[in-house]
């Protein structure tokens with residue numbers, strides 16, 4: 001079978017996440033599929049691109065999911081909650097990038113990259129046959145949908161899993177610098193307008209953040225803020241726990257709203273169970289999806305990570321004499337939208353094994 005037999009819907013195609021997903025699908029093994037771009041009425045008719053082809057965004061309605069093989073929900077959570085059962089009744093495999101379905105019964109939080117790091121979970125029954133517990137439960141025919149794990153949970157679990165495998169990880173702490181784009185276009189627009197208004201001595205818009213976020217760093221936002229750092233922090237903790245299933249230490253987390261539009265930056269402090277050198281820590285981290293940046297190069301940043309598929313990391317030993325130590329700072333950066341899109345596609349490819357035949361004729 002070839003991927004030409006798939007029909008794929010992207011709900012929320014006009015959103016930041018939807019546009020990034022459309023672009024990445026065009027470069028994936030699903031690129032030859034038939035794509036249908038869907039959104040609410042106010043976005044219908046917009047011209048965009050899917051798999052390098054010009055496409056129109058169609059109005060979303062119950063009948064939109066007929067003959068769909070896969071449906072990605074990438075718009076607002078309310079839209080996902082309203083329409084996901086329609087997609088399910090149509091027989092589509094559902095991938096949720098909005099987190100709206102994470103508490104629904106039998107829905108799984110997934111990041112196939114992390115399953116690979118912890119091993120043996122990719123083939124049903126292998127972990128049990130070896131007397132081990134699978135790191136993540138694989139989707140099956142009874143799984144109603146999968147939720148794409150939060151990008152920060154993926155970043156943390158990937159680093160922690162690699163270190164645990166080689167150097168016996170003792171503890172993890174991370175300060176997470178949160179970009180505006182994680183909360184969509186409205187949050188980005190407000191950050192932009194705050195910056196403009198500050199420079200022209202005008203009143204600041206505060207609908208999204210209920211605080212000044214431009215030229216500022218905040219661990220908490222205003223009480224009336226639509227952006228909820230506490231909700232995001234709890235989601236990261238849950239997703240990390242789901243992905244790692246107790247195989248690595250739970251992280252201590254501090255969320256900080258950063259005055260940047262795109263890209264996550266994490267300042268991680270890890271403590272190892274045995275002394276190691278920077279070179280040994282770097283070697284443990286090397287592998288798919290991680291780009292280790294040497295100390296001689298510029299450190300990773302939200303700017304240098306923009307458009308990059310890999311998670312960029314740079315390692316520095318905590319203060320102390322000697323080449324070896326047990327505490328290391330790991331400075332980590334990733335393109336949040338691209339990371340989420342790539343993980344969503346990996347989830348769909350994983351679900352493909354449950355769909356031996358497509359529906360597009």
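Derivation of every value follows stated rules applied to the coordinates shown; laboratory data play no part. Because the structure is a prediction, the values reported are computed rather than measured. Because the Cβ atoms are built from the backbone with ideal geometry, glycine has one as well, and the counts that use them run over all protein chains shown.
Here are some notes:
- Each part gets one Cα centre, and for segment 166-199 versus segment 214-254 those centres are 11 Å apart.
- Residue with peak Gaussian network fluctuation, the chain [Cα springs, cutoff 10 Å], from 97, 342, 204: 204
- Value of relative contact order over segment 152-336, rounded to a whole percent, pairs C-alpha under 8 Å and six or more apart: 27 percent
- Sorted by Cβ neighbour density within 10 Å, fewest at the top, the residues 345, 8: 345, 8
- Principal axis dimensions, segment 291-357 - Cα atoms, whole angstrom, descending: 61, 26, 14
- Segment 152-336: Cα Rg divided by the 2.2 N^0.38 Å rule of thumb: 1.10
- Segment 223-326: radius of gyration over Cα atoms, expressed as a fraction of 2.2 N^0.38 Å: 1.25
- Likely footprinting exposure, 5, 61, fewest C-beta neighbours within 10 Å first: 61, 5
- As a proxy for reagent exposure, 177, 255 were ordered by neighbouring Cβ count within 10 angstrom, fewest first; the result is 177, 255.
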